[in-house]
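Contents: one structure, followed by commentary.
The values are calculated or read from the model by the stated rules, or taken from the named source; none is laboratory data. All of these numbers come straight from a predicted model, not from anything done at the bench. In this analysis, Cβ positions are derived from the backbone assuming ideal geometry, glycine residues included, and neighbour counts consider all displayed protein chains.
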Amino acid sequence: MPLRSLLNTAGAEAISLARRAVLLLDWQKNHRYCGRCGTPTSRRQEEFCMVCPACGLVVYPRISPAVMVLIRRDNELLLARSPRFKPGVYSALAGFVEAGETLEQCAIREIREEVGLEISNLRYFRSQSWPFPDSLMVAFFADYAGGSITPEPSEIEDARWFLPDALPPLPEPVSLARQLIDAACSRLDTGGLGLY
Ligand SMILES: [Zn+2]
């Protein structure tokens, strides 16, 4: 069964195990040879790592962090559409952490690049393993701090401010993006802006 269909049907524990299994199998398949000298590698029995018998290179499963940011301006939320989304669906902005970057630097850079806005007051929400193929998505709330929406055309086909009672179609509930948006809406509804 494809992992994506399991995400909508299985329980949390099974999903967690399946995510780990998919990530590990993919990693093992992609590291059968040493990336440094080309010798076939072998699995170390006591932990998940591939070892090169010739040069000693040790390779652990790779995790690629990515940052997701939901921006609030007063009681509005910024949602955007990638051309890759299902028709009509809007979501929070996201992008991969680049080499040498912190999560905070990545969030600020991605928002500048994708929609031309400045943000402040980043607050951690939660994270989610997303093994397609090896992401760890880390979600934040942020406040609008300046600029006007200027979508980067190759990544964003539309971005706008939405009120919580007039939202467009959103990603599926299993996704971290949807959990982030739902959490922001419920905090706006209850006036919990200080917490949010
Ligand atoms: Zn090697």
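Some points to look at:
- Residue in the stretch 59-75 that is over 18 Å from the mean Cα position of the chain (by Cα), surrounded by 12 or more Cβ atoms within 10 Å (Cβ to Cβ) and among the hydrophobic types (A, V, I, L, M, F, W, C) present: yes
- Which numbered condition Thr41 misses (of (1) surrounded by 15 or more Cβ atoms within 10 Å (Cβ to Cβ); (2) touching a strand residue (DSSP E or B) at 6+ places or on another chain (Cβ under 6 Å); (3) in the same structural domain as Leu117 (by TED's automatic domain parsing)): (3)
- Single unsatisfied condition, Ser135 versus (1) within 29 Å of Ser5 (Cβ to Cβ); (2) modelled with pLDDT of 95 or more; (3) in the same structural domain as Ile181 (by TED's automatic domain parsing): (2)
- Test: residue in the stretch 43-62 that is of a type in the set (S, T, N, Q) and farther than 30 Å from Arg112 by Cβ: yes
- Each residue in the stretch 150-165 was checked for being of a type in the set (A, V, I, L, M) and within 17 Å of Arg187 (Cβ to Cβ), and 1 pass.
- Subset of the stretch 12-47 (residues that are more than 16 Å from the ligand (Cβ to nearest atom) and of a type in the set (Val, Ile, Thr)): Ile15, Val22
- Considering residues of the stretch 48-66 that are out of contact with any Lys or Arg (no Cβ under 9 Å at 6 or more places or on another chain) and outside any loop (DSSP other than H, G, I, E, B) only, the residue nearest to the ligand (Cβ to nearest atom): Val59
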